[in-house]
1. Under the 0.36 nm per residue contour assumption, what length would be gained going from the current alpha-carbon distance of K22 and D54 to full extension?
2. Can you give the charge dipole size of the chain about its Cα centre, rounded to the nearest 20 debye, using +1 on the beta carbon of Lys and Arg and -1 on the beta carbon of Asp and Glu?
3. Where does each of 58-66, 32-40 land if you order them by average Cβ count within 10 Å, highest first?
4. Could you tell me which of V71, I3, V88 has its Cα farthest along the dipole of the chain towards the positive end, charges placed at Cβ (Lys, Arg +1; Asp, Glu -1), taken about the Cα centre?
5. Looking at this model, which pairs from K75/K101; K22/K73; K48/K80; K8/K95 are more than 25 angstrom apart at the alpha-carbon?
6. Reachable lysines from K108, Cα under 26 Å, same-chain residues fewer than 8 places away excluded?
7. Let me check I've understood the local charge: for M63, count other residues with C-beta under 12 angstrom from its C-beta, Lys and Arg +1, Asp and Glu -1. What total comes out?
8. Using the Cβ atoms and a cut-off under 13 Å, what net charge is assigned to the surroundings of A35, where Lys and Arg are +1 and Asp and Glu are -1?
Amino acid sequence: MEIEIVEKKENALLERLEVTFKASHVDEGTPQREAVRDKLSALLKAPKESVIVDAMTSEFGRMQTVGYAKVYKSKAAALKYEREHILVRNKLKEKKVAVKKVAAPAAKPKK
């Protein structure tokens, strides 16, 4: 898999670099998010925990994926600004398990 940076944009207010990329993956399936994060962190010389892959799309039959990623100045900035489900997808946070409350069975009316 090869990654090409299409566009870079500095966002000083949110302490991040916004990146649009193209990943070419001939003879492979759509790349995993973790593999893309590894390649982007190496390419942009940033620590892996500060790289967030927001979205990736690939068309049927094409060996190319287009995506959008954010490179934060620090992991703390990523945790501060990023949405919860995106952090879970990028394995920076654990998914919260919702505990369902089971209602007590209704009492039967006496006859």
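1. Result for the pair: 10.2 nm of gain on full extension.
2. 1280
3. Final packing ranking: 32-40, 58-66.
4. Going by the charge dipole, the pick is V88.
5. K75/K101; K8/K95
6. K100
7. It works out to a net charge of -2.
8. That works out to +1.
Every number in this text was worked out from the coordinates using simple rules, so none of it is lab data. Computed from a prediction, not measured in an experiment: that's the story for all the values here. Note: ideal-geometry Cβ built from the backbone for every residue, glycine included; neighbour counts use all protein chains shown.
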